[in-house]
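Structure, as structure tokens:
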Amino acid sequence: NRQITLASRPVGAPTATHFALAERPAPVPGEGEVLLRNLYLSLDPYMRGRMSDAESYAEPMAVGDVMVGGTVARVVSSRHPDWQAGDLVLAYGGWQDYALSDGRGLSRLDPGMAHPSLALGVLGMPGFTAYMGLLDIGQPQPGETVVVAAASGAVESVVGQIARLKGCRVVGIAGGNEKCGYVVDELGFDACADHRAEDFPQQLEAACRQGIDVYFESVGGAVFDAVLPLLNTKARVPLCGLIAQYNDTGLPPGPDRLGLLMRTLLTKRIRMQGFIIFDDYGARFGEFLAAMGEWVRQGKIKYREDVVEGLENAPQAFIGMLEGRNFGKLVVRIADD
Ligand code: NDP
């Protein structure tokens with residue numbers, strides 16, 4: 001059983017030295033347990049937070065622990081009454097070939113699912129995050145301008161497409177021409193500004209002539225600096241993530257912008273609300289899955305996966321995601337079904 005563990009805690013950007021590959025015997029299920037073969041592993045930005053011991057909404061991993069992560073897995077053998085060998089499940093199996101589970105947190109997947117990895121993306125946690133954050137907190141109205149950063153990404157590509165379905169004008173922000181082109185040409189966004197371009201703030205302003213009514217925040221940093229002056233009165237800002245800040249070791253460069261932020265929130269009566277998807281909305285997963293399943297079946301919501309082959313390549317892929325090297329929902333194929 002190959003396992004990728006947390007070798008040491010990164011300060012700043014993680015590198016290969018913060019991960020270790022261990023080879024251990026496959027675990028044996030005890031009474032009430034199932035043995036899982038992980039097929040696909042989801043790589044997600046939240047994992048960076050778990051590698052640190054700074055206070056957060058979830059417990060950090062300990063050094064030496066197997067890296068945590070959602071997986072699509074096959075039940076190999078079961079001593080649990082609810083699960084049988086051969087079942088296809090969504091699990092929290094971690095960065096390893098095999099995992100044990102006592103059944104908690106397992107959910108059954110349709111064995112006939114054409115693309116089981118979608119349970120880690122558009123039909124799973126990222127899609128759910130997009131759906132609830134945009135609709136419940138963002139409350140987009142027809143004709144409004146919705147802006148979403150990291151627009152080709154797992155969560156944000158879905159945010160923009162739902163906003164289009166709700167009749168909004170949608171402007172993406174992405175890194176580079178290729179991602180911007182994809183967002184407009186394939187996903188149907190109205191425009192996209194390149195946050196790596198020197199004139200990024202001007203590009204964004206030109207694309208948002210009517211200002212911004214909903215800004216779905218998952219980046220922070222310089223991107224938010226460009227968004228803030230464009231926010232309209234009564235704008236809503238679902239605060240989903242701050243990926244540009246996850247590797248920071250100190251305060252951001254430049255003048256303190258907290259006063260400007262507070263004044264803008266007050267005078268424009270802007271509502272900014274953070275959320276942690278399963279803590280806040282877990283009970284509504286079924287509602288999400290029914291709506292999203294239908295949209296995906298009808299081709300109204302498109303998705304793109306960035307599939308990395310082999311568990312051993314997970315660390316490099318994860319490091320790359322924090323620099324924007326992934327293009328679409330990042331998953332690792334660990335084994336053939
Ligand atoms: P993505 O698939 O969007 O991958 C991350 C993308 O972020 C990169 O491809 C890159 O896109 C962009 N990025 C990385 N570094 C920077 C930077 N310094 N400045 C600007 N953009 C950057 O990941 P997800 O869709 O899985 O996650 C997106 C966000 O949602 C994260 O912040 C994550 O923490 C958050 N999240 C929050 C949840 C919650 O419950 N609150 C649940 C799930 C996700 P580009 O090249 O276009 O810049």
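Taking the criterion of being assigned to a loop (DSSP other than H, G, I, E, B), charged (D, E, K, R) and buried (at least 17 other Cβ atoms within 10 Å of the Cβ), the only residue of region 39-72 that qualifies is Asp44.
The condition of being hydrophobic (A, V, I, L, M, F, W, C) and part of a loop (DSSP other than H, G, I, E, B) holds for only one of Ala193, Ala163, Ala197, that being Ala197. Across region 224-245, the number of residues qualifying as surrounded by fewer than 23 Cβ atoms within 10 Å (Cβ to Cβ), in a strand (DSSP E or B) and near the ligand (Cβ under 10 Å from one of its atoms) comes to 1. Only one of the numbered conditions (1) touching a residue at least 60 places away in the same chain (Cβ under 8 Å); (2) farther than 24 Å from Arg236 by Cα is violated by Val122, and that is (2). Exactly one residue out of Phe278, Phe327, Phe285 is within 16 Å of the ligand (Cβ to nearest atom), buried (at least 17 other Cβ atoms within 10 Å of the Cβ) and assigned to a helix (DSSP H, G or I), and it is Phe285. Of the residues making up region 290-324, those that are more than 21 Å from Glu178 (Cα to Cα), of a type outside the set (A, V, I, L, M) and in a helix (DSSP H, G or I) are Gly293, Glu294, Trp295, Arg297, Glu312, Asn313, Pro315, Gln316. Hey, among the residues in region 288-303 that are surrounded by fewer than 16 Cβ atoms within 10 Å (Cβ to Cβ) and either free of Cβ contacts under 8 Å to residues at least 12 places away in the same chain or within 16 Å of the ligand (Cβ to nearest atom) (or both), which one's nearest to Met47 (Cα to Cα)? Among residues in region 288-303 that are surrounded by fewer than 16 Cβ atoms within 10 Å (Cβ to Cβ) and either free of Cβ contacts under 8 Å to residues at least 12 places away in the same chain or within 16 Å of the ligand (Cβ to nearest atom) (or both), the one nearest to Met47 (Cα to Cα) is Lys302. Selection over region 241-271 of residues that are under 17 Å from Val214 (Cβ atoms) and either within 19 Å of the chain's Cα centre (by Cα) or in the same structural domain as Ala58 (by TED's automatic domain parsing) (or both) gives a count of 1. When region 205-223 is filtered for residues that are within 13 Å of the ligand (Cβ to nearest atom), outside any strand (DSSP E or B) and crowded, with 20+ Cβ neighbours inside 10 Å, the ones remaining, listed by number, are Ser218, Val219, Val223. Of the residues making up region 219-237, just one is among the basic types (Lys, Arg) and touching a residue at least 60 places away in the same chain (Cβ under 8 Å), namely Arg236. Restricting attention to region 92-120, the residues that are assigned to a strand (DSSP E or B), buried (at least 21 other Cβ atoms within 10 Å of the Cβ) and aliphatic (A, V, I, L, M) add up to 1.
For region 131-156, a residue qualifies if it is more than 8 Å from the ligand (Cβ to nearest atom), not in a strand (DSSP E or B) and not charged (D, E, K, R), and the qualifying residues are Tyr131, Met132, Leu134, Leu135, Ile137, Gly138, Gln139, Pro140, Gln141, Pro142, Gly143. Contact annotation: residue pairs with Cβ atoms under 7 Å, 6 or more positions apart or on different chains, pairing a residue in region 238-258 that is under 19 Å from Val146 (Cα atoms) with a partner that is within 8 Å of the ligand (Cβ to nearest atom) and assigned to a strand (DSSP E or B), are Leu239/Gly274.
The values are calculated or read from the model by the stated rules, or taken from the named source; none is laboratory data. Only a predicted model underlies this, so the values are computations on that prediction, with no experimental measurement involved. All Cβ positions, even for glycine, are placed from backbone atoms using ideal geometry, and neighbour counts span all protein chains on display.
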